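The values are calculated or read from the model by the stated rules, or taken from the named source; none is laboratory data. Keep in mind that this is a model prediction, so the values were computed, not measured. Methodologically, a virtual Cβ is constructed for each residue, glycine included, from the backbone with ideal geometry; neighbour enumeration extends over all protein chains shown.
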Amino acid sequence: MNDSQFFHLVTEKYIAAALGAGGVPVLIPALGETVAPQEWLARVDGLLLTGSPSNIEPQRYGGMPVDGDFNDAQRDATTLPLIRAAIDAGVPLLGICRGFQEINVAFGGSLNPALHDSPGLLDHREPKGAADVRYGPAHPVTLVPGGLLHRLIGEDELRVNSLHKQGIATLGRGLVAEAHAPDGLIEAFRVADADFAVAVQWHPEWRFADNPASRALFAAFGAACRRQQARHDQPGRRPA
Ligand SMILES: N[C@@H](CCC(=O)NCCCC(=O)O)C(=O)O
């Protein structure tokens, strides 16, 4: 008998953005090793790695446990192997906030556990207030000239929201920076050799339909998922 009272959930803004990208969203529960990554990858055409208030366990990237930290070991045990398997299978990825941090860690990168305690870095935590305030524009990011996001969005700079206390300390091998905050923090990257594997530290899913840059990002993710769907539908396709 399982009498667990835990919920596996996702905020509706992610579901709305996945629908807006042309997808049929399905929530993958945090089951860790109970279901092999290949089982999920045979059933989906893309992975949207969402934000969450929880942190990645620091031992996943060589860090020290922090007293009182809200970690989610079950999610780590699900997403980190899934990310590696998705890249091997050519499944498109879009990582947001915690999802951005997860892709970095899956590629061997590390995180700064508290940006606001690091001299020279901005405080990237959300302001207090209603959702409009918390998800409101917080700082600019500069897109790397000629990078994927720069070409997709067609702007040199964006104003983005900011709801994270952690951030990239070292970028994982095989990842390429795509955007920086004014303090130099990497705010977006792509996986160098992937068809589409992009991650952003901000929240483009928040009112994505009202924001041309967010629309462009989700449209590109949707198009990559449809390319993967076409590969799925081909006889003799590459197994996940
Ligand atoms: N551990 C991270 C998580 C930040 C994050 O994903 N925040 C999103 C919160 C809710 C949402 O999905 O909108 C950190 O604090 O750095």
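Things worth noting here:
- Cβ pairs under 6 Å, 6+ apart, first in the stretch 1-19 and more than 13 Å from Pro204 (Cα to Cα) and without any contact (Cβ under 8 Å) to a residue 24 or more places away in the chain, second away from the ligand (no atom under 12 Å from the Cβ) and of a type outside the set (A, V, I, L, M): His8/Pro29
- Residues that are assigned to a loop (DSSP other than H, G, I, E, B) and in contact with a strand residue (DSSP E or B) (Cβ under 7 Å, 6 or more places away or on another chain) were ranked within the stretch 99-133; the one that is nearest to Ser52 (Cα to Cα) is His124.
- Selection from the stretch 162-184 of residues that are away from the ligand (no atom under 13 Å from the Cβ) and either at pLDDT below 95 or not aliphatic (A, V, I, L, M) (or both): Thr170, Gly172, Arg173, Gly174, Glu178, His180, Pro182, Asp183, Gly184
- With respect to the conditions (1) within 16 Å of the ligand (Cβ to nearest atom); (2) of a type in the set (S, T, N, Q); (3) assigned to a strand (DSSP E or B), Ser214 lacks only one, and its number is (3).
Residue by residue, here is whether (1) surrounded by fewer than 18 Cβ atoms within 10 Å (Cβ to Cβ); (2) within 14 Å of the ligand (Cβ to nearest atom) holds:
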| residue | (1), (2) |
| --- | --- |
| His116 | yes, yes |
| Ala138 | no, yes |
| Val141 | no, no |
| Val160 | no, yes |
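- Identity of the residue in the stretch 66-87, closer than 12 Å to Ala30 by Cα and in contact with a Leu (Cβ under 9 Å, 6 or more places away or on another chain), that ends up surrounded by the most Cβ atoms within 10 Å (Cβ to Cβ): Thr79
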